[in-house]
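The values are calculated or read from the model by the stated rules, or taken from the named source; none is laboratory data. Only a predicted model underlies this, so the values are computations on that prediction, with no experimental measurement involved. FYI the Cβ positions are ideal-geometry reconstructions off the backbone, even for glycines, and counts take in every protein chain you see. Protein only, heavy atoms only, side chains kept; ligands, DNA and RNA dropped before computing areas. Shrake-Rupley method; radii C 1.70, N 1.55, O 1.52, S 1.80 Å.
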Amino acid sequence: MGRKSIKDIRQQEIVRALYKTAKAEGLHNASIKKVADEMNVNPSLILHYFKTKEDLIFALIDYILNRYLNIYTIKSNRSAIDQLMEVLNNIFSRKWNTLVSDDVYYNCFTLIFRDPLIQKKYRQLHDSLRESLTEHLEACIDEGSLQLDDPKITANLIYTILEGAYFYLCMVPDTQTRTEVMDQHKKHAFAILGIEYKEA
């Protein structure tokens, strides 16, 4: 695998600066100038790599997707069912918050109602996450450790449960309640798959 170009490195630095600025001030307040200030550079440097703020937001959504896909980074030298169990324990946990701030995620999400291109990006983001889970389910079917009529539909159902849980948990400040709610949803996902629930 070749090295990243200077352009790729610089673009990633700019996207991380946008993420940090959006986390601190909200995406609507994260201007090109504020991103440049965060990096201690001239705004013209940002515009050299991203022609508009919209282009920069597109890159931020790609960044969010890549961060979320890290939840699927697990040890591959284990059985498919053990890998699936680890994935389920990861996605039904607050590990998501260590990957991407809820504030930045939902700030970006609101833009889907105004911009069809951003809506398409978010659809691709969510489809990618579902596809990754589908692949794990298919591996378990091939291994003989799961029996499912349609792994794609099952993955979509599990993600619907997950997204509903996270949306609700954004409004719950109490850590113990969050844990209990997430645990209930995780048990339901295990029941849908017909596998024994195990504590993480």
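In table form, for the structure just shown:
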read-out	value
Given (1) in contact with a His (Cβ under 8 Å, 6 or more places away or on another chain); (2) open to solvent by 30 Å² or more (accessible area, probe 1.4 Å), number of the condition GLU180 does not satisfy	(1)
Top-ranked residue of region 98-107 - restricted to ones that are open to solvent by less than 60 Å² (accessible area, probe 1.4 Å), in a helix (DSSP H, G or I) and out of contact with any Phe, Trp or Tyr (no Cβ under 7 Å at 6 or more places or on another chain), ranked as farthest from ASN156 (Cα to Cα)	ASN107
Only listed residue being exposed (fewer than 14 other Cβ atoms within 10 Å of the Cβ) and in contact (Cβ under 8 Å) with a residue 40 or more places away in the chain, chosen from SER93, SER79	SER79
Failed criterion for LYS20 (all others in (1) more than 21 Å from the chain's Cα centre (by Cα); (2) part of a helix (DSSP H, G or I); (3) of a type in the set (Lys, Arg) hold)	(1)
Residues of region 126-177 that turn out to be β-branched (Val, Ile, Thr) and either outside any helix (DSSP H, G or I) or open to solvent by 30 Å² or more (accessible area, probe 1.4 Å) (or both), as a count	6
Which numbered condition MET39 fails, given (1) under 30 Å from GLN184 (Cα atoms); (2) free of Cβ contacts under 8 Å to residues at least 40 places away in the same chain	(1)
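Every residue, every condition in (1) without any contact (Cβ under 8 Å) to a residue 60 or more places away in the chain; (2) open to solvent by less than 70 Å² (accessible area, probe 1.4 Å); (3) outside any loop (DSSP other than H, G, I, E, B), yes or no:
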position: TYR63; (1), (2), (3): yes, yes, yes
position: ILE74; (1), (2), (3): yes, yes, no
position: GLU86; (1), (2), (3): yes, yes, yes
position: ASN89; (1), (2), (3): no, yes, yes
position: PHE109; (1), (2), (3): yes, yes, yes
